[in-house]
Each structure stands twice: as structure tokens, then as C-alpha cells.
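A.B. asks: Starting off with a structure, shown below.
Rule-based calculations on the coordinates, nothing more; no lab input. Please read these numbers as outputs of a predicted model, since none were measured by experiment. A quick note on method: Cβ atoms are made from the backbone with ideal geometry, for glycine too, and the neighbour counts reach across all protein chains shown.
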Amino acid sequence: MTKAELIEKMAADANITKAAAGKALDSMVENIKKTLKKGNKVTLVGFGTFSVSKRGARKGRNPQTGEEIKIKAAKVPKFTSGKGFKDAVR
């Protein structure tokens, strides 16, 4: 499902315009990004939790040359699905 298809489905289910559904979806995504950037997590009960995970610095290999390289530490987004979401997919 693409973003456009999701917006179309949201608009039909909520009986609102596609423009309003698009704004709502964009707002949700932006607010999740802002919250994660602050280091907080977003929990949607029954769906899941968005959080930030810290990945430590490590050594890796350049696949083309085999040379060892250093990979910097990074913060990465993480999603953990909730029980209701897992059960719905099974």
C-alpha cells in the first residue's frame, strides 16, 4: 500500500476529504519524528511503540576491498509492534 492509497482509505473510512486525511497523516508522521528527535518515545496502545535506539561504534569491512573500516555510533529509529497489532497480522 502506498501513501496515496493509505490516504484514500483513511478518507473513506473517516468520511473526510483526501486533503484532510493527507494532512492528518503528515501531521502524525511529523509529530512522531519530532518526539523521537527529542529522545522520547511514542506509544500507540494496540499498535506499537516508536523509540530511538543507540547503536554503538563498531568495526566493519568494505565489501569491495576487504579493508577494515570504523563505523560511527548512531541513533536509529526503532518500532516494536504491540500485542493487538501482532495478533491482527497472524
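A.B. asks: Can you give the charge dipole size of the chain about its Cα centre, rounded to the nearest 20 debye, using +1 on the beta carbon of Lys and Arg and -1 on the beta carbon of Asp and Glu? Could you put the intermediate results ahead of the total?
C.D. replies: Values: 21 positive and 8 negative charges, 138 e Å.
About 660 debye.
A.B. asks: Would you mind calculating the relative contact order of segment 41-90 from Cα pairs under 8 angstrom and at least 6 residues apart, reporting the percent as a whole number?
C.D. replies: Numbers: 77 pairs, mean separation 20.9, N = 50.
With pairs under 8 Å counted, the relative contact order is 42 percent.
A.B. asks: Turning to a different aspect of this structure: Less than 17 Å apart at the alpha-carbon level, and either on another chain or at least 8 residues along: which lysines does that give for Lys72?
C.D. replies: Hits, sequence-local ones excluded: Lys54, Lys59.
A.B. asks: Here is a further query. Hey, if you put +1 on the Cβ of every Lys and Arg and -1 on every Asp and Glu Cβ in segment 41-90, which of Asn62, Val42, Ala88 ends up farthest toward the positive end of that dipole?
C.D. replies: Val42
A.B. asks: Hey, what did the chain get for relative contact order, percent, Cα under 8 Å, at least 6 apart?
C.D. replies: Values: 102 pairs, mean separation 18.9, N = 90.
So the answer I get is 21 percent.
A.B. asks: Here's a follow-up. Along each principal axis of its Cα atoms, how long is the chain end to end? Whole angstroms, biggest number first, please.
C.D. replies: 57, 32, 28
A.B. asks: Assign one of three labels to segment 1-42, namely rounded, prolate or oblate, based on the Cα gyration tensor with a ≥ b ≥ c the square roots of its eigenvalues; rounded applies when a/c is under 1.5, prolate when it is not and a/b is larger than b/c, and oblate otherwise. Could you put the intermediate results ahead of the total?
C.D. replies: Values: a/c = 3.20, a/b = 2.52, b/c = 1.27.
Prolate shape, in that a/c is at least 1.5 and a/b is the bigger ratio.
A.B. asks: In terms of Cα to Cα distance under 27 Å, which lysines are near enough to Lys3, apart from those fewer than 8 places away along the same chain?
C.D. replies: Within reach: Lys18, Lys23, Lys33, Lys34, Lys37, Lys38, Lys41, Lys75, Lys78, Lys83, Lys86.
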